[in-house]
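A quick write-up on the structure given underneath.
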Amino acid sequence: MSKSLIAGIGAAVTLSLASIQGAEKKVDVSKLPPASDAKNVTYAGQIKPIFEKSCIKCHGQEKQKGKLRLDSLDAVLKGGQDGKVVLPGDSAGSMLVHNVAHIGDEDDFMPPPDNKDKIPPLTKDQIGLIRAWIDQGAK
């Protein structure tokens with residue numbers, strides 16, 4: 001192989017990697033509702049009821065869109081096919097928060113705006129509670 005061909009392939013790979021990295025979701029976290037002031041927020045106490053009402057139909061025992069289950073704490077912390085969705089201690093950096101707050105990539109919004117079951121988006125208070133739970137360690 002000629003040096004110019006190798007250099008061209010190297011440049012193409014570099015450009016491809018740069019475009020993949022640039023395509024990573026850039027989310028404006030300033031658009032997130034603030035975390036709730038609630039203390040001692042737990043999955044079992046406050047978060048699971050939200051998920052049961054709005055998320056389990058697509059992310060539960062019977063169906064796991066994106067290989068993500070939200071019907072147990074262990075499953076939430078495990079994540080799905082795109083990796084971890086909750087970063088304990090960092091709600092603003094957690095994909096789950098971005099998706100339920102409908103910021104970032106529209107294809108990832110949960111619940112989807114046009115869902116067949118007409119499940120409404122989470123409220124700012126619900127998102128704030130999820131943020132508080134994650135910021136408090138996602139227990």
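Coordinate-derived values only; no laboratory data. Since the structure is predicted, the reported quantities are computational estimates derived from the model, not experimental observations. FYI the Cβ positions are ideal-geometry reconstructions off the backbone, even for glycines, and counts take in every protein chain you see.
The orientation-averaged projection of the convex hull spanning the C-alpha atoms of the range 27-135 amounts to 6.2 square nanometres. Among the listed pairs LYS39/LYS84; LYS31/LYS124; LYS57/LYS118; LYS53/LYS116; LYS26/LYS67, a Cα-Cα separation exceeding 18 Å is found for LYS39/LYS84; LYS26/LYS67.
With 0.36 nm allotted per residue and the present C-alpha distance subtracted, the ALA38-GLN64 stretch has 6.4 nm of extension available.
Near the amide H of GLY80, within less than 5 Å, lie the amide hydrogens of VAL85, all on another chain or at least 5 residues away, with H placed in the peptide plane.
Based on Cα contacts under 8 Å between residues 6+ apart, the range 27-135 shows a relative contact order of 35 percent. Cα centroids of the range 56-85 and the range 110-131: 16 Å apart.
Projecting the Cα atoms of GLN61, ILE119, GLY80 onto the charge dipole of the range 27-135, computed from C-beta unit charges around the Cα centre, puts GLN61 farthest toward the positive end.
The order of the peptides 52-62, 87-97, 128-138 by mean Cβ neighbours within 10 Å, most packed first, is 128-138, 87-97, 52-62.
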